[in-house]
Structure formats: C-alpha cells, structure tokens
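Heads up: the structure comes next, in structure tokens.
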Amino acid sequence: MNFFPLQEQIKYFKEDDPVAGMILLAGLGTVLIAFFAGSLVKNRIKEKKRTGRSARAPRRFSSFALRRTARNYGLNRGQTKMLEYVLKNGGAADPEQTVANPSALDKQFKHAFKLIEENAGTEEEAQQKLSMLFSTRNTIDMRHNTSPAAPSTQQISINMAAVLTVNQESYPVKVISSKGDTVLVDCPRGGRGTMLRFSKGTRANLGFYTKTNKGFSFDSRVMGMTSTSFGPALQLIRAHEATSLTQRRFRRQPANFPCDFHTIRLEPQKKKKLPPRMILNPQRMSGIFTDISIGGCAIKTRASVSAGARLKIEFDFTAVLGQVLRINRNGVSGTVLHVKFLKVPRKAMNRINSLVFEYDHD
C-alpha cells in the first residue's frame, strides 16, 4: 500500500519565491505612500484656498531683530526688555514690522497695559511697570514723529504758500521766484490792505510746508523791493538750508472731562539759598480739560487766572503742578488756559498716558 500519496502530490506544486514576495510588498508600500502623500497635498491646497495663505508653522520671534529695532529707536536696556515683553505677549513675530506700524503697535501695548493691571502683585509694582511701558511707547512715538532732514532752500517752488515773519509779526505770502541767491515773495499787506515796506537789512524769517506737510523755515534779511510781472515783490537773501519747524514733542489727545485747580503763590524764604515756598490758595476753581499730553494741557474755565500763574490741578484722584503759558479769552465760553506741566507724580503720569494713548478704553 502507498502511504504517501499526499506527499507525492505536493511535489507537483511550485514552491514560493521569497524575492517575488518582497517585490510585491515593496510595490504595495509605494502605492500606499503615494496615496497618503497625494491626500496631504490636496489638504494643503484646500487649506491655502480657504485661508488665503500657506498652512505652515508660525514664524518664530527673532530676538536679534528685537535688539536691532530697539537700537534703531533709541531704547535703553529697560525699555528693550519692556518692548520684548509687549511683543511676545501680543504674539508679534516680526519686531521691526510691528514697531514701524503705530496702529499695530498700539494694539500690542494696549494688551500689555491690561496684563500689567491685572497681574501686578502690588499697586507700587503696577505703577512701576506702567511707567516703563509708557516710557517705551513715548520714545518710539517721538522717533515716529521725527522730521526728515531739512531740504535745501533750492526746493522752494513757485506759488508755494509761505509765512513771512518780520519784527515778530507774521504775514501770509506766496513765493514768486526762487532763483540764485534771492527768494522773491509778494509784498505783505497790513490790516487795511496797505502794502508794507521794510528797510534793507531787516531781519526776516520765511516758513513754508512741503508737499508731504512737513514744515520748514529759514532766517533771512530784506534786500529791498523789486517789480515783477506779478506786481511788487520783496527780495529776501536765500539761506543754504532750511530748518525743521518746531513740532510737539509728545502726543496730544482731545479731552472733555472735569478738573479742579488752585493757584499757587511763591513766597521767598529767609535763607536765600532755599527755593521759594509754595503757598496754596484755598479757593478751589473748576474747569474742563479740552486736550492733554504728558507735557501739558488746555483747560476751559470761567475763573480769572493770569498768564504765568502756577496751578495745582486735580483730576481722577491725582494732582499735578503746572504753569499757565498763555490765555485765550472768549466772552461766550470763558477762558482757555494753556498749561505746561512742571511736576507730575508717577501715578498721575501713568494716568495721563493712558488717556493720551486711549489704553483704558475697551
């Protein structure tokens, strides 16, 4: 009897080829990889169409760019650290681009302002950090407002509006000609329309604004009068370069909130080396802020105050010391006092800055 029929039959089957199996598995793996790669590409394309940008990891914050930006804006070490705190907490990736955009920068600083108020351990700590926050913001703001180099007076164009100042009186004029060593402007006129004449050699100043709304002026002297096709003209000696007109150093914000103030009298002390003693007038006067900056303010009031008077001004549980620089009187709405701040405590300074930059608004 044959006991191995199955064994004999098996010999007729072909044995498995291991190389062929490996090739088959490699082929299947390639197909799967291609499938998943294609799906990933399609998803990225859909994400880009949906968001309008590439779906990629956010850009990392550059400490090198921060230091370079801080150096360009004249920030000291403490201000640089504060700027880093502001930008990192605000999620800004590009320090240079953010600082160059005042609107975007204010959003970052407003966010940091609220963080400091919410997280500071003590009132003293909060005021100290807010003081550095606003110091940093004001330094950057001053650099934003810096005028470019003054242009050559050769750039004064014909028909340019200008202001001629002679003997502390200002007259609106137009430039007739700007060639060679002289500038011709139409002759200024007095209140009754009469033509004004100035002696040769009289000191004068000509102020003007460029197309970019930057103001400049140059000092000159009157050379005399001359006739032109546009009528009589005043000849001025040309200066080589103009100088920038004075700009406000700090940002000023329109305001409309109440304040109280007292006048202060200075009383000399017996020892001449000691500064005068300040005596507070007990009479309380009231007014309304019409604008404010960290350098000064304007107050509308019906109280009688003279130019040069020193004031203690109280508002929002804070007080500052100021001096009246000038007064605009209006019989209908009262008097507007233009005040320069002389002494501002840190808490009051932080409060003024929050009003000026509007960081206390939601």
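The values are calculated or read from the model by the stated rules, or taken from the named source; none is laboratory data. Quantities reported herein were computed from a predicted structural model and do not represent experimental measurements. Please note: Cβ atoms are built from the backbone with ideal geometry, for glycine as well, and neighbour counts cover all protein chains shown.
Results for (1) touching a Lys or Arg at 6+ places or on another chain (Cβ under 6 Å); (2) of a type in the set (Gly, Ala, Ser); (3) at pLDDT below 80, shown as yes or no for each residue.
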position: 132; (1), (2), (3): no, no, no
position: 140; (1), (2), (3): no, no, no
position: 148; (1), (2), (3): no, no, yes
position: 155; (1), (2), (3): no, no, yes
position: 158; (1), (2), (3): no, no, yes
position: 166; (1), (2), (3): no, no, no
position: 170; (1), (2), (3): no, yes, yes
position: 175; (1), (2), (3): no, no, no
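Among the residues of region 272-298, which ones are surrounded by fewer than 16 Cβ atoms within 10 Å (Cβ to Cβ) and of a type in the set (Ser, Thr, Tyr)?
286 - this is the single residue of region 272-298 that is surrounded by fewer than 16 Cβ atoms within 10 Å (Cβ to Cβ) and of a type in the set (Ser, Thr, Tyr).
Of all residues being of a type in the set (A, V, I, L, M) and within 15 Å of residue 138 (Cα to Cα) in region 67-103, which is surrounded by the fewest Cβ atoms within 10 Å (Cβ to Cβ)? Just the residue, please.
This residue is 100.
Give the residues of region 249-268 that are in contact with a strand residue (DSSP E or B) (Cβ under 7 Å, 6 or more places away or on another chain) and either of a type outside the set (A, V, I, L, M, F, W, C) or free of Cβ contacts under 8 Å to residues at least 40 places away in the same chain (or both), sorted by residue number.
Passing the criteria: 252, 253, 254, 256, 258, 260, 262, 263, 265, 267.
Given 260, 291, which one is within 19 Å of residue 325 (Cα to Cα), at pLDDT below 95, in the same structural domain as residue 324 (by TED's automatic domain parsing) and of a type in the set (Asp, Glu)?
From the options 260, 291, the qualifying one is 291.
So which residues in region 341-354 are under 21 Å from the mean Cα position of the chain (by Cα) and under 12 Å from residue 323 (Cα atoms), if there are any at all?
341
I'm trying to understand the selection: among the residues of region 236-246, which are of a type outside the set (D, E, K, R) and either at pLDDT 90 or above or within 34 Å of the chain's Cα centre (by Cα) (or both)?
Matches in region 236-246: 236, 239, 240, 242, 243, 244, 245, 246.
Considering only residues that are over 18 Å from residue 329 (Cα atoms) and in a loop (DSSP other than H, G, I, E, B), which ones fall in region 289-313?
Correct list: 293, 294, 295.
In this structure, does residue 313 turn out to be in contact with a helix residue (DSSP H, G or I) (Cβ under 6 Å, 6 or more places away or on another chain), within 30 Å of residue 102 (Cβ to Cβ) and hydrophobic (A, V, I, L, M, F, W, C)?
When the stated conditions are applied, residue 313 does not pass them.
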